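Structure record follows, encoded as structure tokens.
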Amino acid sequence: MNAPMTQPRTHSLPITGMTCASCVGRVERRLQSVEGVMSAHVNLAAERADIQAAEHVTRDALVDAIAGAGYGVPASEIELSIEGMHCASCVGRVERALAGVPGVMQAQVNLATERARVTGQADPAALIAAVETTGFTAQERRAASTDTLSERREAEAGALQRDVIVAAALTLPVFVLEMGSHMIPALHHLIMHSIGMQANWLIQFALTTLVLALPGRRFYLQGFPALARGAPDMNSLVAVGTSAAWLYSIVATFAPGLLPEGTVNVYYEAAAVIVTLILVGRWLEARAKGRTSQAIQRLIGLQPRHARVLRAGALVDLPVADVVQGDVLALRPGERVPVDGTVTEGDSYIDESMITGEPVPVAKGPGAQVTGGTINQTGALRFRATAVGGDTMLAQIIRMVEAAQGAKLPIQALVDRVTLWFVPAVIAVALVSFTIWLAFGPAPALTFALVNAVAVLIIACPCAMGLATPTSIMVGTGRGAEMGVLFRKGEALQRLRDAQVVAFDKTGTLTEGRPRLTDLDLCDGFARDAVLAQIAAVEAQSEHPIARAIVAAAEGLDLPPATGFAGQTGYGVAADVAGTRVEIGADRYMAQLGHDVSVFAETATRLAEEGKSPLYAAIGGRLAAIIAVADPVKDSAPDAIRALQAQGLRVAMVTGDNARTAHAIARKLGIDDVVAEVLPDGKVDALRSLRAQGTLAFVGDGINDAPALAEADVGIAIGTGTDIAIEAADVVLISGTLSGVPNAIALSKATLRNIRQNLFWAFAYNTALIPVAAGVLYPAFGLLLSPIFAAGAMALSSVFVLGNALRLRGWRPPMAAERSAA
């Protein structure tokens, strides 16, 4: 009998100490070696590992695996909701139980809020189990909070800046003493006749040793242990290269007799300048990496920290974390909405652009939904909280963006395979270069061998390869979030770039999804408002969607009383309105009543061409009006379809409507292909037939669209649609406007283009310059690459990749102008 299948658990762990793609591969291999781990994806730019593992795999085991690879997992903060506590002794018991869990550094329990905040590296499941041993129940709270990654990166950039200043101050005299004397004869003469060569070398030794031991120690503390484990990384390359130059110089300074004649030279300035330049590169890289996640930081910053909540009949200021579902909150003009809710009192306009990307403020009144993070404009509101903490739309958006940013695209598979062996290969090339130069190089051969081997070690840059893809994904998905386009899955970026056909569901996607009175033409002698009021008075007796649309159109008019309502299936309805007979129905109903509708023949033809079914109204025994109710096309639909076709895509529409209506809408919008009269369970088959034309994206919003969204190569859900549709989609358009579709496709193309540029640079840089550093140009041109220039090139290569990725922050969507105009 087979054991029952268990659902895998997802662990997300921050990681410190990674500097290049080799680090990523090493951590992934260590994690995947843990028994029960099904998959492990490490993102260098996000400094995070996402692990799918069996139920029995603990967080401690994963943390130990990462530590075994030579990296760290910083302490994280976990918040638990605890039920059943009544007094201070309960608090003490829970705190002691939590503090006893391995990996817990600090545990604080609050009786008033019934929450525990735990700092450390403990597994949430272990914490919950510990609480349950005390007789209480607990669950993890998942709320959007300040991002510790940003704080870590700021601290890292600050520490690197300090190290750069110290290293530069110590390196400058070394550079002047050594290189200055080579380039400026007068300076060389001054040094030789004042302090002498030996004192000059001793000063360089002291200053360089300080550079390596103080600001440069990070390379040796991480590089040599990695080398000893048989898993060298970029720090190992720097550590070996600079140590070789430093040790050789020490021998030349203190035991020159051990070196062959003509090889007694020092390379202190090379070691010091290499460390300084690489620190400068790391500092610039840290600053740039911080900017790649600014979209997430801006989203997190949208949530206010406090809210004005009605408690015991009075308004009190509370931390947003203490707001619970059902609380009534007060909102003043200019304030941000703290949590999601439903308006109970007041009228105002709310700026939702930071969530939806749409610039026009939205009117809000009783019954309207408000979203946390948006800004109240003019009026005061009160609203009831419907979603708090991790359940708010803002928190869900943040989780979606973080999940997409942590994804690996198929394009990265090649990079992973290359970087797995990159650093060992570079060390091998350096050893081969050293051996060849020592055996066949010109005199002094040892000097040439050392310089070129160090240059090879220093110029190699696995960082650029490791950062090429994830940084572009982070910036691209963050830019999408700013426009109201959420990539729920990072892979959708690559698949959407390849889309050739975009299929739309009609109702609720291309159209508003709500029937509306679109036409009302009158016969002579009738007034519009009077006719509309009489028609609406009759239709108010019916529950038909068309009837509701007519009644909605008459809002604000006084409806006279209607009696004697009667309906004739397939024909129409009739009633007495304030003593006047009013009859409404199709042309056959009018013919039955003896009315000639030919007076509206031209209007009826036009309505038919537009896919609308006309209805007629007779009042007091006379033909009075022709009316049409239809589901109007969204304002954003025509421009969106034109923008898609401008990108070379075919546009299709899938609908359950009759063919005549469907083709009328298609003609109006310029749609290429129409699949009409499709039953709800037939959409999947319709998409399979459309896929014959190429990679397919499907745009939908309803529950019945969920299978089609899952079937398509890329499913795009309208954010105003159902939760089921959103869960089945790869991309979510928060605003509900269709401009997000061409914008999302254009953004995916821009992001993939940016990734290809980064990968080309990273591979071209290493492919071209490693042989140059090894000295392949020397036999033909007499050219060698100084280790100092190698360090500068290496430092700038990863900065170039990051800078190129950051260009996506300024990317302009193709429909930006249209949205601004709207």
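Can you find a residue in region 475-482 that is within 30 Å of Phe789 (Cα to Cα) and either hydroxyl-bearing (Ser, Thr, Tyr) or surrounded by fewer than 19 Cβ atoms within 10 Å (Cβ to Cβ) (or both)? Looking through region 475-482, none of the residues is within 30 Å of Phe789 (Cα to Cα) and either hydroxyl-bearing (Ser, Thr, Tyr) or surrounded by fewer than 19 Cβ atoms within 10 Å (Cβ to Cβ) (or both). When region 713-729 is filtered for residues that are within 19 Å of Arg691 (Cα to Cα) and either modelled with pLDDT of 90 or more or open to solvent by 10 Å² or more (accessible area, probe 1.4 Å) (or both), the ones remaining, listed by number, are Asp713, Val714, Gly715, Ile716, Ala728.
Residues of region 449-458 that are out of contact with any Pro (no Cβ under 7 Å at 6 or more places or on another chain) and touching a residue at least 60 places away in the same chain (Cβ under 8 Å): Leu450, Asn452, Ala453, Val456, Leu457. Give region 375-410 a look and list any residue that's out of contact with any Phe, Trp or Tyr (no Cβ under 9 Å at 6 or more places or on another chain), polar (S, T, N, Q) and at pLDDT 90 or above, or say none. Selection gives Thr386 alone.
Restricting region 37-59 to residues that are among the charged types (D, E, K, R) and not in a strand (DSSP E or B), the residue that is most open to solvent (accessible area, probe 1.4 Å) is Glu55. None of Tyr248, Tyr220 is free of Cβ contacts under 8 Å to residues at least 40 places away in the same chain and either open to solvent by 70 Å² or more (accessible area, probe 1.4 Å) or outside any loop (DSSP other than H, G, I, E, B) (or both) except Tyr220. Against the test of being open to solvent by 70 Å² or more (accessible area, probe 1.4 Å), over 58 Å from the mean Cα position of the chain (by Cα), free of Cβ contacts under 8 Å to residues at least 40 places away in the same chain and under 24 Å from Ser542 (Cα atoms), the options Gln592, Gln568 yield a single qualifying residue, Gln592. Taken as a whole, the structure leaves Gly341 outside the set of residues that are modelled with pLDDT of 90 or more and either in a loop (DSSP other than H, G, I, E, B) or open to solvent by 50 Å² or more (accessible area, probe 1.4 Å) (or both). Which is open to solvent by 10 Å² or more (accessible area, probe 1.4 Å), within 30 Å of Met483 (Cα to Cα) and touching a Pro at 6+ places or on another chain (Cβ under 6 Å), of Val320, Val264? The conditions single out Val320. On inspection, Val42 does not qualify as touching a strand residue (DSSP E or B) at 6+ places or on another chain (Cβ under 9 Å) and at pLDDT below 85. Scoring Phe440 on the criteria (1) open to solvent by 10 Å² or more (accessible area, probe 1.4 Å); (2) touching a residue at least 60 places away in the same chain (Cβ under 8 Å) leaves a single failure, condition (2). Selection over region 443-460 of residues that are buried (at least 22 other Cβ atoms within 10 Å of the Cβ) and in a loop (DSSP other than H, G, I, E, B) gives a count of 1.
Looking at this structure, is Arg528 open to solvent by 10 Å² or more (accessible area, probe 1.4 Å), more than 30 Å from Phe789 (Cβ to Cβ) and over 29 Å from the mean Cα position of the chain (by Cα)?
Numbers: open to solvent by 10 Å² or more (accessible area, probe 1.4 Å): yes; more than 30 Å from Phe789 (Cβ to Cβ): yes; over 29 Å from the mean Cα position of the chain (by Cα): yes.
Yes: the conditions hold for Arg528.
When region 178-228 is examined, which residues are found to be within 22 Å of Val423 (Cα to Cα) and of a type in the set (Asp, Glu)? Selection gives nothing.
Would you say Val772 is touching a Leu at 6+ places or on another chain (Cβ under 6 Å), at pLDDT 90 or above, open to solvent by 10 Å² or more (accessible area, probe 1.4 Å) and of a type in the set (Val, Ile, Thr)? When the stated conditions are applied, Val772 passes them. If Ala213 satisfies every condition in (1) touching a residue at least 24 places away in the same chain (Cβ under 8 Å); (2) open to solvent by less than 70 Å² (accessible area, probe 1.4 Å); (3) out of contact with any Leu (no Cβ under 7 Å at 6 or more places or on another chain) but one, which is the exception? Result: Ala213 passes all but (1).
Close contacts from region 785-804, counting a first residue that is within 13 Å of Leu457 (Cβ to Cβ) and a second that is open to solvent by 20 Å² or more (accessible area, probe 1.4 Å), with Cβ to Cβ under 6 Å and a gap of 6+ residues or different chains, come to Leu785/Val772; Ala791/Leu277.
Which one of Ala637, Ala676 is touching a residue at least 40 places away in the same chain (Cβ under 8 Å), small (Gly, Ala, Ser) and touching a helix residue (DSSP H, G or I) at 6+ places or on another chain (Cβ under 9 Å)? Before you say what the answer is, go through the steps one by one.
Working: Ala676 fails: touching a residue at least 40 places away in the same chain (Cβ under 8 Å).
Testing whether each residue is touching a residue at least 40 places away in the same chain (Cβ under 8 Å), small (Gly, Ala, Ser) and touching a helix residue (DSSP H, G or I) at 6+ places or on another chain (Cβ under 9 Å) leaves just Ala637.
Pull up region 83-136, narrow it to residues that are among the hydroxyl-bearing types (Ser, Thr, Tyr) and within 34 Å of the chain's Cα centre (by Cα), then point me to the one that is modelled with the lowest pLDDT. Ranking the candidates gives Thr113 first.
Among the residues of region 737-769, those identified as in contact with a Gly (Cβ under 9 Å, 6 or more places away or on another chain) and either at pLDDT 85 or above or open to solvent by less than 10 Å² (accessible area, probe 1.4 Å) (or both) are Ser739, Gly740, Asn743, Ala744, Leu747, Ser748, Ala750, Thr751, Leu752, Asn754, Ile755, Ala762.
Kindly check whether there is at least one residue in region 595-612 that is touching a residue at least 12 places away in the same chain (Cβ under 8 Å), over 30 Å from Ala652 (Cα atoms) and open to solvent by 40 Å² or more (accessible area, probe 1.4 Å). Within region 595-612, one or more residues are touching a residue at least 12 places away in the same chain (Cβ under 8 Å), over 30 Å from Ala652 (Cα atoms) and open to solvent by 40 Å² or more (accessible area, probe 1.4 Å).
Taking first residues from region 68-79 that are within 13 Å of Asp123 (Cβ to Cβ) and partners that are open to solvent by 20 Å² or more (accessible area, probe 1.4 Å), the Cβ contacts under 6 Å between residues at least 6 apart in sequence or on separate chains come to Val73/Gln121; Ile78/Pro124.
The values are calculated or read from the model by the stated rules, or taken from the named source; none is laboratory data. Given the structure is predicted, the values throughout are model-derived calculations rather than measurements. Heads up, the Cβs are rebuilt from the backbone with ideal geometry, glycines too, and the neighbour counts pull from every protein chain shown. Note: accessible area is taken over every heavy atom of the protein model, side chains too, but ligands, DNA and RNA are not part of it. Shrake-Rupley method; radii C 1.70, N 1.55, O 1.52, S 1.80 Å.
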